[in-house]
1. Would you confirm whether any residue within the stretch 9-23 is part of a strand (DSSP E or B), within 30 Å of T173 (Cα to Cα) and out of contact with any helix residue (DSSP H, G or I) (no Cβ under 7 Å at 6 or more places or on another chain)?
2. Please state which one of S169, S131 is of a type outside the set (F, W, Y) and farther than 23 Å from K185 by Cβ.
3. Please specify each residue of the stretch 59-97 satisfying the condition of being small (G, A, S) and within 17 Å of the chain's Cα centre (by Cα).
4. Here's a check for you: in the stretch 51-98, which residue that is among the polar types (S, T, N, Q) and modelled with pLDDT under 85 is surrounded by the fewest Cβ atoms within 10 Å (Cβ to Cβ)?
5. State all residues of the stretch 75-113 that are without any contact (Cβ under 8 Å) to a residue 24 or more places away in the chain, outside any helix (DSSP H, G or I) and in contact with a helix residue (DSSP H, G or I) (Cβ under 7 Å, 6 or more places away or on another chain); if no residue qualifies, say none.
6. Restrict the check to the stretch 125-141 and report whether at least one residue is open to solvent by less than 50 Å² (accessible area, probe 1.4 Å), at pLDDT 90 or above and under 21 Å from L181 (Cβ atoms).
7. Can you give me the number of residues within the stretch 36-50 that are open to solvent by less than 70 Å² (accessible area, probe 1.4 Å) and among the acidic types (D, E)?
Amino acid sequence: SSLSFNIISLLKQYVEPEDILCISYTEKAKKEMYDAIKKNSQGQIADSIITRININTFHSFAYQYLVESGDISGEIIGNNILRFSLLQSFEKHGIFNYGKDYLISDIVPKVENAIRYIKNFGIVPDTIDISKAKAHLEKIHSSSSKYSLDEVLTFLEKFVDVYRDYENSKDDTVDYTDMLLLFSKNYISPHKYPMSQF
């Protein structure tokens, strides 16, 4: 990729590998970038130098920064804990008497995705105006929907209850979405990355 050639060019200009930052979306892309730099440098750059380049995923870079700056303790709530917390809360609130298998296979994953999505916009349970949300749902609800308006409005209330239970269960820990939000709020670019590559 052109990005790998840019990094090779910087290394040939004697930029220290530790002063180069490359952010990828996934661990797979991170490995592919190391492989591309190694292949495209055609042996002109030693492996010991290539391995010192800071190639991180968004999550790993945010995590490293927040731990080093003391903004988080280092403990991140994993996806399995999030799902388990949601399942416990659904069972506690008796959501439509769904069976446990259906909750696990269908409802919990959908609610998990919905929570992550709205949380990326900073929407937390206490900022959700249920009466406004209900009024909006009443406007957009279609009579052809397989769910009645009453079911949808009830689920909205239960969704907020479940979301609140999850947030309250975390105590002083954070999940991956919290981590990225905290990072975007607190990050100050260090001077060591004058030629950062994204």
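The values are calculated or read from the model by the stated rules, or taken from the named source; none is laboratory data. Nothing here was measured: the structure is a model prediction, and the numbers come from that model. Every residue, glycine among them, receives a Cβ derived from its backbone with ideal geometry; neighbour counts consider all protein chains shown. Just so you know, the surface numbers come from the protein's heavy atoms only, side chains and all, with ligands and any DNA or RNA stripped out. Shrake-Rupley method; radii C 1.70, N 1.55, O 1.52, S 1.80 Å.
1. Going through the stretch 9-23, the residues part of a strand (DSSP E or B) turn out to be 21-23.
Pick out the ones that are also within 30 Å of T173 (Cα to Cα) and you get 21-23.
With out of contact with any helix residue (DSSP H, G or I) (no Cβ under 7 Å at 6 or more places or on another chain) added as a condition, the list becomes 21.
Yes; the residues of the stretch 9-23 include at least one that is part of a strand (DSSP E or B), within 30 Å of T173 (Cα to Cα) and out of contact with any helix residue (DSSP H, G or I) (no Cβ under 7 Å at 6 or more places or on another chain).
2. Residue meeting the stated conditions: S131.
3. S60, A62, G74, G78 - these are the residues of the stretch 59-97 that are small (G, A, S) and within 17 Å of the chain's Cα centre (by Cα).
4. That would be N97.
5. Y98
6. yes
7. Qualifying residue count for the region: 0.
One line per residue, one yes/no per condition, for (1) more than 23 Å from H93 (Cα to Cα); (2) of a type in the set (V, I, T):
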{"position": "P109", "(1), (2)": "no, no"}
{"position": "D126", "(1), (2)": "no, no"}
{"position": "K132", "(1), (2)": "no, no"}
{"position": "H136", "(1), (2)": "yes, no"}
{"position": "S143", "(1), (2)": "yes, no"}
{"position": "V152", "(1), (2)": "no, yes"}
